[in-house]
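Report on the following structure.
The values are calculated or read from the model by the stated rules, or taken from the named source; none is laboratory data. Since the model is a prediction, treat every value here as computed from it, not as a measurement. Don't worry about glycine lacking a Cβ; one is built from the backbone with ideal geometry, like all the others, and counts go over all protein chains shown. Side chains are part of the model used for accessible areas, which takes the heavy atoms of the whole protein and leaves out ligands, DNA and RNA. Shrake-Rupley method; radii C 1.70, N 1.55, O 1.52, S 1.80 Å.
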Amino acid sequence: MTAFFQPILVLLWKDILLEVRSKDLVISVGVFGLLVAVIFNFALNVSPQQITSLAPGILWVAYSFAGVLAMNRTFMREREQGGLEGLLLTPVSRDAIFLGKAMASFSFMLLVEVVLLPVFAVLLGFSILSWTLAVTIVLATLGFAVVGTLFSAIAVQTRSRELMLPVLFFPVILPVIIGAVQLTTVAVGGEISVGLNRWLPLLGIFDALFLVICPWVFSVVTEE
Amino acid sequence: MSPAKADRAVRVQGLEKSFGDWPVLWDLDLTLDWGQLLVLAGPNGSGKTTLLRILSTQVKPDFGAVSIAGFDLKRQPNQVRRCVGVVGHNTFLHSDLTCLENLVFYGRLFRLQNPGKTALEVLAQVGLEHRAGHRVRTLSNGMQRRVSLARALLHDPLLLLLDEPEVGLDGPSVAMLGELITRWTGLGRSIVMTTHNLELVKSWPGSQGHLDNGKVRIGEDRPSAVEETGPGL
């Protein structure tokens, strides 16, 4: 068991160290998310009555687009000087390599989301003190990071990688985004047709499925 | 790692590899003994790099059987990866990490007992111990190639696969590479390397092969390294 998790932690350590040095991912993604929040705030001029219907959508549009930016960088870094090749030359299982990269993406996205959340709360006028919101963000971000890491690994091999990633990624991640919007609506005091006890387990099931399927697909696509 | 009990370092039988409709390697047989250096030359596109990439598990062959130190390439790829050290066209290094951090990172992935100590030892072997704490991006191209060589030596592999390792190296660095290769083969480890500079490697102990149109021709003075070749394209 340790043999499986050790390389995941090593990869996570390496990506965090690189991000601490360059800060390019967290800063660019954070600034982008902030801009989306400000633009939506002024474009829609959300009134207190509209908060429950508009705020969740705005929040997850910003998180989703910012997340795609982050995913674009996930394997670009490995592409420089053949870092991915170097990884594949080590006797580490492809699953562990994938999960290491996915955990790094998850950490960076979560950090950006946690920093942006109070800004959204102030601009749109909702409370962030909600367990539902916290669990939703963690579960949705996990699914986002796992699927995004897989498609980042696929897209980085293509010529128009920045375009390919969202085209491949959004159709697959759509259920997670819909679930996250629904749960956030509940968290900010709104009502939804399907209850909390449906969407929360559904997000968990999506994550579990992605955590099984994506490492396997990654192993297949990196075979050659 | 000490040389394994397998009788040969490399054994290739009936290897074939095509990219689309373009055959690169064709019915290639190759045997390399322990402690032997095989220098492969040949024109661009002759399949030198492809052969090394197959031996290092980076590319799958279409047909043929390949074993490294007795481990089958298809069935035991992770064991093969433990046995080979690779220097490719890319350095496989992260430019924002220091030399030491890069090597410790790879050392941990190879599950070395003391990656920090081993990293400093291999950096000393390539004459860069004084640059251990410097970021890779601050090093010259030649120095980065030497760190890449250190990365290949890190896990004490049985077989070194060097793809034009002399490119970008200055005179003293090439001399260091020659000494390292001589010492390595003296320890009973094997090396397959490609080069366009056959003059350079004339003084090094080993066999010279020429890869062209899917065929490997061996220097007449040392015919034992590559036993058989496939048909031309």
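All distinct Cα pairs of the protein assembly as shown go into the 1/r average, and the inverse of that average, the Kirkwood radius, is 24.2 Å. Sequence-distant contacts, meaning Cα pairs under 8 Å at least 6 residues apart, place the relative contact order of region A:2-221 at 28 percent. Calculated [222 nm] ellipticity per residue, helices only, for the protein assembly as shown: -18500 deg cm²/dmol; basis is -39500 (n - 2.57) per DSSP H run with n ≥ 4, divided by all residues, nearest 500. Here residue B:60 is the anchor, and the aspartates and glutamates within straight C-alpha reach of less than 17 Å, apart from those fewer than 8 places off in the same chain, are A:85, A:223, A:224, B:16, B:21, B:27, B:29, B:72.
Just in region B:27-103: which trypsin sites (Lys or Arg not before Pro) are loop by DSSP and have at most 14 other Cβ atoms within 10 Å?
Taking region B:27-103 and a limit of 14 other Cβ atoms within 10 Å, the loop trypsin sites (Lys or Arg not before Pro) found are B:74, B:75.
Inter-chain neighbour count for B:102-109: the average number of beta-carbon atoms from partner chains within 10 Å of each residue's beta-carbon is 6. Against the main long axis of the alpha-carbon atoms of chain B, helix B:141-153 sits at an angle near 80°. Excluding ligands, DNA and RNA, the accessible surface per residue across region B:81-158 is 35 Å² with a 1.4 Å probe.
Calculated accessible area for region A:2-221 comes out at 44 Å² per residue, all protein chains present (probe 1.4 Å; ligands, DNA, RNA ignored). Annotation: peptides B:17-29, B:103-115, ranked by per-residue average of other Cβ atoms within 10 Å with the highest first, follow the order B:103-115, B:17-29.
Extents of region A:48-130, largest first, come to 57, 22, 18 Å (Cα atoms, principal axes, whole angstrom).
Using a 10 angstrom Cβ neighbour count of at most 14 plus a DSSP loop assignment to flag exposed trypsin sites (Lys or Arg not before Pro), which longest range of chain A is free of such sites? Result for the longest clean stretch: A:24-158.
Note on chain B: with neighbouring protein chains present and a 1.4 Å probe, carbon and sulfur make up 49 percent of its accessible heavy-atom surface.
Ignoring ligands, DNA and RNA, please state the percent of accessible area on chain A from carbon and sulfur, probe 1.4 Å.
73
Close amide H contacts of residue B:85 (hydrogens built in the peptide plane, cut-off under 5 Å, sequence separation of 5 or more or a different chain): B:159, B:160, B:161. Principal-axis analysis of the Cα atoms of chain A puts helix A:94-124 at an angle of about 20° to the longest axis. When Rg and Dmax are taken over the Cα atoms of region A:1-157, they come to 17.2, 57 Å. In percent, what relative contact order does region B:10-218 have, based on Cα pairs under 8 Å that are 6 or more apart in sequence? After rounding, I find 31 percent. Between 0 and 90 degrees, the angle of helix B:171-186 with respect to the longest Cα principal axis of chain B falls at about 70 degrees.
Between chain B and chain A, the total buried accessible area stands at approximately 2700 Å², from heavy atoms with a 1.4 Å probe. Could you tell me the distance between the Cα centroids of region B:37-71 and region A:1-67, to the nearest Å? Computed from Cα coordinates, the inter-centre distance equals 43 Å. Backbone amide hydrogens, once placed in the peptide plane, bring residue B:216 within less than 5 Å of B:230, excluding anything fewer than 5 places away on its chain.
All C-alpha to C-alpha distances of region B:10-218, sorted into 5 Å bins beginning at zero, yield P(r) values of 1, 7, 16, 19, 20, 16, 11, 6, 2, 0 percent in whole numbers.
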